[in-house]
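The values are calculated or read from the model by the stated rules, or taken from the named source; none is laboratory data. This structure is a prediction, so every number in the text was calculated from the model and none was measured. Ideal geometry is used to build each Cβ from the backbone, glycine not excepted, and the neighbour counts take in all protein chains shown. Accessible surface areas use protein heavy atoms only, side chains included; no ligands, DNA or RNA. Shrake-Rupley method; radii C 1.70, N 1.55, O 1.52, S 1.80 Å.
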Amino acid sequence: MHIYFRGSGLQRLRLASGLALMAFAATHFANHAVGLLSLEAMHRVQELRTAITRSWPVSIILLVALITHVALGLYKLSRRETWRMPLWEALQIGIGLAIPFLLFPHIVNTRVAHAVFGANDIYLYELVRLWPDGAILQSTLLVLVWLHGCIGIHYWLRLSDSYSRFAPFLLIGALLLPVLALSGFAVAGMRATDIMSDPNAFAALKARTNWPNAHDAATMATLRDLVRWGFGLLAATAIGIAFLRYRREAAKRGPARISYLDGPAVDLTPGMTLLEISRSAGIPHASLCGGRGRCSTCRVRVEKGLDSLPSPDAVEAATLGAIDAPSNVRLACQIHPTSPLTVAVISRPGVRSPIHTEFAELKELVAAHIRADVGGSPVEFTSSDPAEVEAWLLRQSGHAAKVRDVERWGYRLRGARLDYVGEQTVGTCVYERDSLLISVFLFPETNSAPLAIRGQRNRYAALTWRDPGTICCSVSQVTVEVLEHLAEAWNEAASQLTEPDNPAELGTNEALG
């Protein structure tokens, strides 16, 4: 499944309803922009647009989309376990709660007035009602709707690397359309005010549009109040439920704790996802998709307590399968710990894109390996002595990475080189196995180095593992199973250095699968 369509059924439903509403808003705002030309042009475009949007099939789609989007938004709000969140998510929620207080009365003034009271709500009718007294509120509604939709679309589209190629053009359009819409609204509003300064023209407009009488106007005012109070009550209920859930779950906190590798240990709160536990404790934890189970950037490696977790559901399994994650890697946004866990946070905040089957985060490392291999200069410093290679890497890169002696497992150390990945210098040690070179990039653990990657793409395999203070990322034309064997040998060599009395070794002829 493509990364854009991962997530639960409710998440996909909320996405589809939001896209339908955004499409309607975009055409509506484009119609506003035509006001820069003339009122007549606005009306002609409105006739074409409403022939579609007010047809029964599309009307039903839009109504269902609006109800669905609002209902699912409130449902998600009521299910929150923590109010710690990224700024963009808080802004999205705040705007989403503000919009209905302005939008629902506008719907009463237009669609309800047309369907129930027979008003012909052409642009001139609505401009006269709004300009100038209601212009600020209406302009605010336009900006909020557009901003809410653009935030959602941006944080959805950025899940794919290809988005970066089109983002500048989409940004231009996202900025241009509301500016033109507001300008068209203002110009048309001033024209309408000038025309309606003639009492005869105003009387003609009332007759032409079946202007609501005093009784109908009073009924519409009551409806506007009802929809505001009704949504306010629903929103307050959702927030209240979330607050009560938080208090109830907080009271359940017991001795069980979540321990973060090389980090703090925090109390486990039953009911929370691991991502919510991290946020509640103020622990930085990446989540590119906002905790929807799509991107994999919140993934963790479970060091202890994996058996206490249920198997991944369909949403989590699809995302983990897309990155070929090992069995001890889980999505923090999808697991609800009930027993003590020890975890390692894999992706740190600031990671620009998720790791998926195209190996987007590893492409520069693969390119560096290919340049060295094909270019005939796989090493800058030649030595089979790990201590000498460590010393050279420390002098060149400033990072005291360990280089393991794994020759007894069939991996001959050739030497080391420096690679430039992005804007940083990375030390790389080079091994040879069956005449094929293996590059092991040694990232300081404080960097946003990739972790828990296992897979094969085209002719190149990649695997990462952790050494104390270092993230090791291996790339080669050997199979993934060979790289897994190298990782086992690497860890075994490290353990033998710390436990010299334990001579256990991995067999050199161990089957690689």
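What to note about this one:
- Total charge dipole magnitude, region 108-168, about the Cα centre, Cβ charges on Lys, Arg, Asp, Glu only, Debye to nearest 20: 180
- Sorting ARG84, ARG417, ARG49, ARG395 on solvent-accessible area from highest to lowest, probe radius 1.4 Å, gives ARG395, ARG84, ARG49, ARG417.
- Positive-end residue, the chain charge dipole about Cα centroid, Cβ charges, pick of ILE95, ALA214, VAL145: ALA214
- Put a dot 7 Å past the Cα of ARG247, heading toward its Cβ, do the same for GLU407, and the two dots end up 6.9 nm apart.
- The candidate values were [x] 80, 51, 45; [y] 70, 50, 46; [z] 101, 56, 37; the one computed from these coordinates for Cα extents along the principal axes in Å carries the label [z].
- Rounded to 5, percent antiparallel among DSSP beta bridges of the chain: 95
- For region 359-421, averaging the sequence separation of C-alpha pairs within contact (under 8 Å, six or more residues apart) and dividing by the residue count gives a relative contact order of 39 percent.
- Contour minus Cα-Cα distance for ILE370 and GLU303 (0.36 nm per residue): 20.8 nm
- In this calculation the C-beta distance from TYR420 to ARG228 is compared with R0 = 41 Å, giving a FRET efficiency of 0.10.
- Residue order by solvent-accessible surface for TYR155, TYR420, TYR125, TYR246 is TYR420, TYR246, TYR155, TYR125, largest first, with ligands and nucleic acids left out and a 1.4 Å probe.
- The residues of the chain expose, per residue, 48 Å² of accessible area to a 1.4 Å probe.
- Using a cutoff of 8 angstrom between alpha carbon atoms and counting only pairs six or more residues apart, the relative contact order for the chain works out to 12 percent.
- Simple rule: put +1 on each Lys or Arg Cβ and -1 on each Asp or Glu Cβ in the chain, find the dipole, and look at ALA314, GLY35, ALA71; the Cα lying farthest toward the positive end is GLY35.
- Total charge dipole magnitude, the chain, about the Cα centre, Cβ charges on Lys, Arg, Asp, Glu only, Debye to nearest 20: 2000
- In the context of the full protein assembly, LYS363 retains an accessible surface of approximately 120 Å², using a probe radius of 1.4 Å and ignoring ligands and nucleic acids.
- Accessible area of ARG208 in the full protein assembly, 1.4 Å probe (Å², nearest 10): 150
- Computed label-point distance, nm, for sites TYR75 and LEU102 using a 7 Å Cα→Cβ extension: 2.7
- Mean residue ellipticity at 222 nm, helices only, the chain: -17000 deg cm²/dmol; runs of at least 4 DSSP H residues each add -39,500 (n - 2.57), and the sum is divided by the number of residues.
- Pairs of lysine residues in the chain that meet both criteria, 8 or more places apart or on different chains and Cα atoms under 27 Å apart, total 4.
- Spacing of the two label points (7 Å from each Cα toward its C-beta) at SER164 and ILE239, in nm: 3.9
- Computed FRET value (nearest 0.05) for ILE153 with GLU40, which takes r as the C-beta separation and R₀ as 35 Å: 0.60
- When the solvent-accessible area of the chain is split by element, carbon and sulfur atoms take up 61 percent of it, the probe being 1.4 Å.
- With a Förster radius of 51 Å applied to the C-beta separation of THR382 and LEU13, the computed FRET efficiency comes to 0.30.
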